[in-house]
Structure formats: C-alpha cells, structure tokens
Number of protein chains: 2
Amino acid sequence: MSEENIKLLKKAGLKITEPRLTILALMQNHKNEHFSAEDVYKILLEQHSDIGLATVYRVLNQFDEANILIRHNFEGNKSVFELAPTEHHDHIICEDCGKVFEFSDNLIEQRQKEISEQYGIKLKAHSLYLYGKCSDIETCEEIVKKDEK
Amino acid sequence: MSEENIKLLKKAGLKITEPRLTILALMQNHKNEHFSAEDVYKILLEQHSDIGLATVYRVLNQFDEANILIRHNFEGNKSVFELAPTEHHDHIICEDCGKVFEFSDNLIEQRQKEISEQYGIKLKAHSLYLYGKCSDIETCEEIVKKDEK
DNA sequence: CTAATTGCAAATAGTTTGCATGAGC
DNA sequence: GCTCATGCAAACTATTTGCAATTAG
C-alpha cells in the first residue's frame with residue numbers, strides 16, 4: 001500500500017516526505033468524504049502529528065495539481081478535497097446541512113453525449129452539481145449537530 | 001424600466017434606495033456576465049458613485065437571497081454573480097475556441113429530480129457544464145478569429 | 001551537497017460586522 | 001419618528017508567502 005503511494009508521489013514529481021505520505025493515506029482512508037484543509041489539519045492534530053496548517057494547504061494543492069485529489073467549491077468560501085475517484089460521479093449537496101451524496105446516472109450521461117453531438121461538440125468532460133434541501137428535517141439537523149461537536 | 005425595478009425591490013421586501021437601484025441596473029446592463037463584488041465596486045468607482053464596498057456585498061447578498069441574482073463559485077475563493085436568467089439553461093463549452101452554447105433538456109431535468117428524491121433531497125437548483133471540442137475544426141477556428149478581432 | 005520541503009508567523013484576499021450617521025416610509 | 005440602510009474601519013475566515021531550519025535524493 002505504502003509502496004503504491006510512493007510510486008504515486010514519484011510519478012507526480014514530488015519528494016517522498018512524511019507529511020505527504022500521511023495526508024495521502026488520510027485521504028485514502030476517507031474515500032468518499034470531502035475535507036477542507038482545516039478538516040485535514042484537525043484530524044492530524046488528533047493523531048498528534050506535527051504537520052503545520054501551511055503544509056496541509058501546500059500538499060493539498062500539489063495533490064490537486066497532480067490529479068491525486070479533486071478540489072470542489074461547493075460552499076462559497078472554502079475548498080474541499082476528495083480522493084480522485086477512479087469512476088466518475090456527480091454530486092448532490094444539501095444547502096442547509098452541507099451533506100453531500102455522490103451519484104452516477106447512465107441516462108444523464110448518455111443524454112449529455114447526444115446533446116453535445118447536436119451542437120457539434122465532442123464531449124470531453126462535464127461537471128454536474130445538484131443543490132437542494134433535505135426533505136427529512138431530522139436527518140438534516142442531525143448532520144449539523146455532528147459537525148458542531 | 002425603473003418602475004419595474006422598484007416593484008422588484010418591493011416584492012423582495014427591500015427599501016428603495018439609490019445603491020440598490022444602481023447595482024440592479026448595473027447587473028441588468030451586463031446580462032450574461034459574471035461579476036465579483038470587487039468587479040461591481042470597481043465599475044461603480046468608475047461611474048463616480050460613492051457606494052461603499054460593504055454595501056455592494058450586502059446588496060449582492062440580498063439580491064441573491066431574493067433570487068434576483070445567481071451566485072456562482074466557479075473559481076475557488078470568490079463568488080461571482082449574474083442576473084438571474086428568466087429561463088433556466090445549461091452550458092456547453094468548447095475547450096479550444098471558447099464557444100458557449102446554451103441548452104435546456106427536459107429529460108435531464110426530469111432525471112435530476114428523480115435522483116434527488118432518491119436521496120431524500122428536494123432539488124432547488126443545479127449547475128451543469130459540458131466541456132468538449134468542436135468536431136468541425138473550421139467552425140472552431142472561425143470563432144477564434146471572431147473572438148480575436 | 002543542493003534543492004526541495006517544512007513550520008511558524010506574518011501577509012493577503014475575500015467577505016462580514018459593529019457602530020454612528022443618514023435616509024425611506 | 002422609528003426602523004432600515006449606508007459608509008467606514010475593524011474583525012474575521014480561508015489561504016498564501018517569506019524565511020530560516022531541516023531533510024530527501
């Protein structure tokens with residue numbers, strides 16, 4: 001596992017350092033979660049790591065550049081990162097509690113291709129975000145509570 | 001025209017003030033453009049307006065709340081706003097020539113609603129961008145030329 | 001050994017807020 | 001007249017950067 005990660009970093013032209021390996025492993029252990037730099041920093045603190053916040057930012061940016069992570073800008077003012085998925089997926093975000101679901105829908109994917117062709121464009125990529133509000137207010141609030149503790 | 005805008009503000013429960021009317025008109029005069037708060041402030045400065053930056057932020061936020069404007073978070077760290085389009089549409093962008101087509105597809109819209117429901121979220125909005133390359137190279141280049149002149 | 005990396009603190013960018021003054025209704 | 005709105009400066013949040021010390025290759 002760690003061998004794999006060392007290869008990954010080398011391929012990205014990055015030196016093998018403890019902060020980079022630690023943060024990479026952290027993101028891999030939270031595959032479908034979205035973490036801000038601050039989130040990552042807090043987890044590191046809990047693990048009694050002495051990696052500084054500035055390094056977290058630097059490493060996350062490098063990983064984004066290297067396509068190891070994907071950066072999202074869901075909520076206005078801060079970026080969140082997730083491990084780059086091997087399979088493409090889109091996102092549904094609750095505007096109230098910030099909960100994020102991931103989904104992938106063949107029907108939509110297919111239709112996108114058709115539409116692109118109609119406009120004479122060969123589709124290369126897309127970004128789709130659905131924004132809404134949890135219908136179940138209890139679930140919605142539960143998650144807010146989780147965030148606060 | 002200004003009558004219309006006064007109605008718009010009243011409907012949003014906002015008092016009719018000069019900063020709000022000015023900023024509203026400004027956004028209407030730049031229908032498909034995306035402005036950050038700073039952009040708006042700079043334009044106001046050029047017009048020798050004495051509206052403060054804090055007011056620009058407050059007004060843009062109020063207009064966003066009132067659905068007069070739409071807020072986007074394309075680029076990581078700042079929000080940009082555009083006049084809310086009367087009809088929803090999505091975008092196809094050619095990565096080579098920058099040409100943008102607007103489209104709206106009922107099948108995709110419908111499917112998005114279904115997916116959201118599956119995840120227990122009431123869909124409020126979405127953003128969909130298709131990125132690709134013009135299949136017809138001539139068209140693609142023509143437009144580049146057009147843009148450059 | 002040399003250049004890249006790190007931690008810390010200071011700097012910056014974008015945005016929000018407290019407060020006294022001024023304007024809408 | 002009473003409340004809401006504004007301008008200014010100060011506060012805040014997310015992020016970046018300068019620099020000296022440290023480490024990977």
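A few notes on this one:
- Taking every residue in the range B:71-95 that is within 8 Å of another protein chain (Cβ to nearest Cβ) and pairing it with any residue that is part of a strand (DSSP E or B) and crowded, with 19+ Cβ neighbours inside 10 Å, at least 6 positions away or on another chain, the pairs with Cβ-Cβ distances below 6 Å are B:ARG71/B:PHE81; B:ILE92/A:ILE121; B:ILE92/B:LEU130; B:CYS94/A:ILE121; B:CYS94/B:CYS134.
- Total residues in the range B:85-138, condition hydrophobic (A, V, I, L, M, F, W, C) and exposed (fewer than 15 other Cβ atoms within 10 Å of the Cβ): 4
- Tally of residues being open to solvent by 80 Å² or more (accessible area, probe 1.4 Å) and either on the phi > 0 side of the Ramachandran plot or at pLDDT 95 or above (or both) across the range B:11-23: 2
- Residue check, B:LEU8 within 14 Å of DNA strand C (Cβ to nearest atom) and outside any loop (DSSP other than H, G, I, E, B): yes
- Search result, residues across the range B:24-79 that are small (Gly, Ala, Ser) and surrounded by 14 or more Cβ atoms within 10 Å (Cβ to Cβ): B:SER36, B:ALA37, B:SER49, B:ALA66, B:SER79
- If the condition is being among the polar types (S, T, N, Q) and in contact with a Lys or Arg (Cβ under 9 Å, 6 or more places away or on another chain), then the range A:56-80 contributes A:ASN61, A:GLN62, A:ASN77, A:SER79.
- Scope the range B:43-92; condition in contact with a Pro (Cβ under 6 Å, 6 or more places away or on another chain) and polar (S, T, N, Q); matching residues: B:THR55
- Residues in the range B:5-23 that are of a type in the set (Val, Ile, Thr) and farther than 27 Å from B:VAL100 by Cα were compared, and the one that is farthest from DNA strand D (Cβ to nearest atom) is B:ILE6.
The values are calculated or read from the model by the stated rules, or taken from the named source; none is laboratory data. Note that the coordinates shown come from a computational prediction; the quantities given were computed from them, not determined experimentally. Positions of Cβ are generated from backbone atoms using ideal geometry, with glycine treated the same way; all protein chains shown enter the neighbour counts. Surface accessibility is based on the protein's heavy atoms, side chains included, excluding ligands, DNA and RNA. Shrake-Rupley method; radii C 1.70, N 1.55, O 1.52, S 1.80 Å.
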